[in-house]
1. Please go through the range 170-203 and pick out each residue that is over 14 Å from residue 29 (Cβ atoms) and within 13 Å of the ligand (Cβ to nearest atom).
2. Among the residues that make up the range 262-276, is at least one of them in contact (Cβ under 8 Å) with a residue 40 or more places away in the chain and either in contact with a His (Cβ under 9 Å, 6 or more places away or on another chain) or of a type in the set (Ser, Thr, Tyr) (or both)?
3. Does residue 266 satisfy the criteria of being over 23 Å from the mean Cα position of the chain (by Cα) and over 24 Å from residue 196 (Cβ atoms)?
4. Go through the residues of the range 148-169 one by one and say whether even a single one is within 21 Å of the chain's Cα centre (by Cα), without any contact (Cβ under 8 Å) to a residue 40 or more places away in the chain and away from the ligand (no atom under 13 Å from the Cβ).
5. Of the residues 215, 244, 223, 235, only one is within 16 Å of the ligand (Cβ to nearest atom), in the same structural domain as residue 104 (by TED's automatic domain parsing) and more than 14 Å from the chain's Cα centre (by Cα); which?
6. Out of the range 65-95, which residues are under 18 Å from residue 26 (Cα atoms), in contact with a strand residue (DSSP E or B) (Cβ under 9 Å, 6 or more places away or on another chain) and part of a loop (DSSP other than H, G, I, E, B)?
7. Would you check which residues across the range 43-56 are touching a strand residue (DSSP E or B) at 6+ places or on another chain (Cβ under 7 Å) and either among the basic types (Lys, Arg) or part of a loop (DSSP other than H, G, I, E, B) (or both) and list them?
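The values are calculated or read from the model by the stated rules, or taken from the named source; none is laboratory data. Owing to the predicted nature of the structure, the values given are computational and were not obtained by experimental measurement. Cβ sites come from the backbone with ideal geometry, for glycine too, and all protein chains shown count toward neighbours.
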Amino acid sequence: MEGPEGIIGMDSERERLMDRETFDRHVLDMSLEGYTILPNLLTPEECTEARRELEKRYPDRERGGLEWLFNKALIFERLYQLPDLVRLIRHFIGADALLSAVYGSVVLPGEGGHALHSDGGITGHNREASMAPADDGRRVTSHPMAINVIFCMSEFTDTNGATEMVPGSHKYEYVDIPERASEQARTAVAPEGSAVVFDINTWHGATKNQTVRPRYAVLSPWRRRWTKCEYEMARVVKPDVLERAGKEGTIIFGFQAQPPYTELWQWDRENGGPKPEFAHLKRD
Ligand SMILES: O=C(O)CCC(=O)C(=O)O
């Protein structure tokens, strides 16, 4: 496992790595239940700022207002620079894991409920159309193929549209909903600033918001390096955002994961492009 110097954003006392016992407990929860909750990753001030940004962008949600949030406000750059979170993600999907997307999820009063699903059905290994006859209708459950993270930018309560999770459903072999999933689902009650971290296979969904205030969250799914992300992040990320991500930015945003479009001897794997002497071969 990498030490603190190998993890971006390690610049304050608050960001020290969690102790081994706590880390092991989260690992066990992930393995047995398919999810865990990391509390206090973000401060109340950071959550207030994130909510303000989400609220401002919400009216434009149909035109991507809540997508690519890392490019839109500094606060969202924090979400891949949290050492405890990055450590847990890498424990399950490798040190070269890729950020797949960062987008907002707002549940307004009266919205939500009856929303159970597992992720990766469109762009991941749970895509039904991608299953081979020899798979016999079974998805990959032996290892986590991807991890999703829901940041609670509001407190998550029993009544405000918090996400519910079906414990153990990450090990359910088939793509259809497991029997008794709705009875077994548990609401992820958590203070603001927490992150609900889960295996892409775990069935989950927003519950109904029975309060008078919106519930704010940001989702940041991660993928194994050798699978496809939801966006071509290396082409999406703005240069200044990449710069601020430090030396790990090229890993997290998938520059190193890009397949060569030159012959191998002309390709710089570190930076994901033609070597300087072949710069004339660079595409867009
Ligand atoms: O916002 C939530 O509580 C869940 C959202 C979700 O499950 C999704 O976007 O896949």
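1. 185, 187, 189, 200, 201, 203, listed by residue number.
2. no
3. yes
4. yes
5. 215
6. Selection gives 82 alone.
7. Answer for the range 43-56, where residues must be touching a strand residue (DSSP E or B) at 6+ places or on another chain (Cβ under 7 Å) and either among the basic types (Lys, Arg) or part of a loop (DSSP other than H, G, I, E, B) (or both): just 51.
Here's the yes/no breakdown for (1) at pLDDT 95 or above; (2) under 18 Å from residue 149 (Cα atoms); (3) aliphatic (A, V, I, L, M):
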| residue | (1), (2), (3) |
| --- | --- |
| 199 | yes, yes, no |
| 211 | yes, no, no |
| 215 | yes, yes, no |
| 220 | yes, yes, no |
| 242 | yes, no, yes |
| 249 | yes, no, no |
| 276 | yes, no, no |
| 283 | no, no, no |
